[in-house]
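The values are calculated or read from the model by the stated rules, or taken from the named source; none is laboratory data. Note that the structure is a prediction, hence the values are computed from the model and not measured. Ideal geometry is used to build each Cβ from the backbone, glycine not excepted, and the neighbour counts take in all protein chains shown. We work out accessible area using only protein heavy atoms, side chains counted, and drop any ligands, DNA or RNA first. Shrake-Rupley method; radii C 1.70, N 1.55, O 1.52, S 1.80 Å.
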Amino acid sequence: MANSTGGAVTGAAPHPGPADRPSRLTLPVVLVGVVLVAMSISGTAVALPSIGRDLDTSGSPLNWVVAGYNLAFAAMTLIAGSTADRVGRRRVFVVSALVFSVGFLGTALSPMILAVDVFRIVSGVGGAGIMAAGGAVLASTYEGAARNRAFALMGTMAGLGIAIGPTLSGLLISAMGWRGGFAAFTVIGLLVAVGGTRVRESRAAASERTDRVGGVLFVAALTLLMFALLEASALGWTHPAVLVTGIGGLAALVVFGIVQRHSASPVLAPALVANRGFLGWSLATLTTSIGFLGVLVFLPTYLQAAADLSPAAAGIAMLLLTAPVLVVPMAAVGLVNRGVPARALIMVALLLVVAGNLWLVTLDAEDAVAVVAAPLVLIGIGMGASFGITDGQAMALVDPDAVGTAAGFLNTLRGAAEALVIAAYSASLVGLLSARLDDADRAAEVGAGRLTDGAEAVELEAFTWSWQLTQLGVGLLCLALSVTVAVLVYGRAAASHRAS
């Protein structure tokens, strides 16, 4: 759920004169693209049980439908932003919308799960370009108050897409099947591409060379780590492929850090990581993403299996989680503007996310929707408050010359966290199910929401147990990260007070 502005600030062109006014389509086209990308992130999880049944698949191949998209989105956000600055923001936006549409069309027509996974990765690449280049288009087209309004609307539309994604996707799947739902996204994506051709072209007057080595290392590290996490539940943690990819991913991450320290134009500037305040706010957005995304992706499958909900009903139930993300960000900003300390507000938000995730340990198949209602609302409010204030507070602590890199880092961190959370959550659920059922294949089927006739009670009990333990782990991780955020954010504030 990247609230992406990566690459949008760096190299922004001057505001056009009266003779070169921006097209009236500029803002609507970009905003529709943002909604589309956000919906495709939050809504796809509702389709997983239907895809699994239709293509007779489960386990990691099915989870790659979501994880592959998020991986590509996270890995390509920075690259798409810098490419837009160099070769043209309109050009990258239009091409990205076409790539996005091709990915969704290929997904709708795919005869097997491998093809679905590949085309989902293609869609993720296109989604990253729409968000990054769309932000760059707005930054180069508007200035002053108009630019602020444009980016406020961009954030609001991202929240709208996240909020309505599961519900609308569930309704589309119930009415048209999962293939029809993906085809509908294809049509809208093509309309965005056509509208993008009316946007004025712009590019940076002078842009630094791209850190290609850093970009390749980052993509490699993220891909290898995700593969290890997703495949471990099926192959086993000691399988050579899992060990090699896991160790390789960690090694690539270490080399990436070394390269960034010596690069003239690093993908991730070391000075940002050394900035304790910025790092604290970055970890805050990481924490809320971890607490939000696992529930968003995997709970619809559980609700469809345990409560026998249709995809549409499961999507409507997920509004308990996603609706607050639409309205809370502006409320949080309003509180900060009226003098409420941002540090105190983010700690309340983190507390809500931790409490909601730990509360979900009480998940029960009986009256499942009623049991999860309050925890989902708490997590949604915490995520919404974080969406409203973390970026602004983090960017205020960064040198003006580094805001583009900082924005890219924040959104890449969100995307990477989302991708890895999906992988880790899946590995935990299926791994615990395998231990409880003593059958890896059967565990994968149950994890995909398909219960065996005559054994539903046993499998549902195992599914619930694995969910409870996984949620306990997520809640404790969010708690540990929240304590770290408090130390970093309040520690910097205390240091600044002593210095003054």
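Some notes on this structure:
- Test: residue in region 32-55 that is surrounded by fewer than 18 Cβ atoms within 10 Å (Cβ to Cβ), of a type in the set (D, E, K, R), over 23 Å from Leu191 (Cβ atoms) and modelled with pLDDT of 75 or more: yes
- For region 184-194, the set of residues classified as touching a residue at least 24 places away in the same chain (Cβ under 8 Å) and touching a Leu at 6+ places or on another chain (Cβ under 7 Å) consists of Phe185, Thr186, Ile188, Gly189, Val192, Ala193, listed by residue number.
Here is a yes/no grid of residues against (1) within 24 Å of the chain's Cα centre (by Cα); (2) open to solvent by less than 50 Å² (accessible area, probe 1.4 Å); (3) within 18 Å of Leu78 (Cβ to Cβ):
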position: Gly214; (1), (2), (3): yes, yes, yes
position: Leu217; (1), (2), (3): yes, yes, yes
position: Ala220; (1), (2), (3): yes, yes, yes
position: Thr223; (1), (2), (3): yes, no, yes
position: Leu230; (1), (2), (3): yes, yes, no
position: Trp237; (1), (2), (3): no, no, no
position: Val242; (1), (2), (3): no, yes, no
position: Ile247; (1), (2), (3): no, no, no
position: Phe256; (1), (2), (3): yes, yes, yes
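- Residues of region 468-491 satisfying the condition of being within 17 Å of Leu299 (Cβ to Cβ) and either touching a residue at least 60 places away in the same chain (Cβ under 8 Å) or open to solvent by 50 Å² or more (accessible area, probe 1.4 Å) (or both): Gln468, Leu469, Thr470, Gln471, Leu472, Val474, Gly475, Cys478
- Within region 88-105, the presence of at least one residue that is open to solvent by 10 Å² or more (accessible area, probe 1.4 Å), under 17 Å from Val34 (Cβ atoms), among the small types (Gly, Ala, Ser) and in a helix (DSSP H, G or I) is confirmed.
- Selection status of Ala444, in contact with a helix residue (DSSP H, G or I) (Cβ under 6 Å, 6 or more places away or on another chain), closer than 30 Å to Ala128 by Cβ and touching a residue at least 12 places away in the same chain (Cβ under 8 Å): yes
- Breaking point among (1) closer than 27 Å to Val483 by Cα; (2) part of a helix (DSSP H, G or I); (3) of a type in the set (Val, Ile, Thr); (4) open to solvent by 10 Å² or more (accessible area, probe 1.4 Å), for Ile316: (1)
- Candidates Ala67, Ala132, filtered to the one that is within 23 Å of Leu190 (Cα to Cα) and touching a helix residue (DSSP H, G or I) at 6+ places or on another chain (Cβ under 7 Å): Ala132
- Members of region 119-136 found to be touching a residue at least 40 places away in the same chain (Cβ under 8 Å) and open to solvent by 10 Å² or more (accessible area, probe 1.4 Å), listed by number: Ile121, Val122, Val125
- Residues of region 422-467 that are assigned to a helix (DSSP H, G or I) and open to solvent by 50 Å² or more (accessible area, probe 1.4 Å): Ala435, Arg436, Asp441, Arg442, Glu445, Glu456, Ala457, Val458, Glu461, Trp465.
- Filter result (open to solvent by 30 Å² or more (accessible area, probe 1.4 Å), in contact (Cβ under 8 Å) with a residue 24 or more places away in the chain and more than 20 Å from the chain's Cα centre (by Cα)) within region 264-301: Ala264, Pro266, Ala271, Asn275, Arg276
- Test: residue in region 191-198 that is part of a helix (DSSP H, G or I), touching a Gly at 6+ places or on another chain (Cβ under 7 Å) and under 29 Å from Val297 (Cα atoms): yes
- Looking only at region 344-354, residues that are touching a residue at least 60 places away in the same chain (Cβ under 8 Å) and surrounded by fewer than 19 Cβ atoms within 10 Å (Cβ to Cβ) come to 2 in all.
- Within region 106-118, no residue satisfies the criterion of being open to solvent by 70 Å² or more (accessible area, probe 1.4 Å) and hydroxyl-bearing (Ser, Thr, Tyr).
- Selection of region 302-313 for residues being open to solvent by 10 Å² or more (accessible area, probe 1.4 Å) and touching a residue at least 12 places away in the same chain (Cβ under 8 Å) yields Gln304, Ala305, Ala306, Ala307, Leu309, Ser310, Pro311, Ala312, Ala313.
- Flag not set for Ala84, criterion: aliphatic (A, V, I, L, M) and either closer than 15 Å to Val34 by Cα or open to solvent by 10 Å² or more (accessible area, probe 1.4 Å) (or both).
- Selection status of Pro324, under 24 Å from Gly161 (Cβ atoms) and either in contact (Cβ under 8 Å) with a residue 60 or more places away in the chain or open to solvent by 20 Å² or more (accessible area, probe 1.4 Å) (or both): yes
- Residue tally, condition open to solvent by 40 Å² or more (accessible area, probe 1.4 Å), part of a helix (DSSP H, G or I) and modelled with pLDDT of 85 or more, over region 332-343: 2
- Here is the figure for region 172-189: residues that are open to solvent by 80 Å² or more (accessible area, probe 1.4 Å) and closer than 16 Å to Val35 by Cβ total 1.
- Between Ala234, Ala252, Ala271, the distinction of being at pLDDT 85 or above and assigned to a helix (DSSP H, G or I) belongs to Ala252 only.
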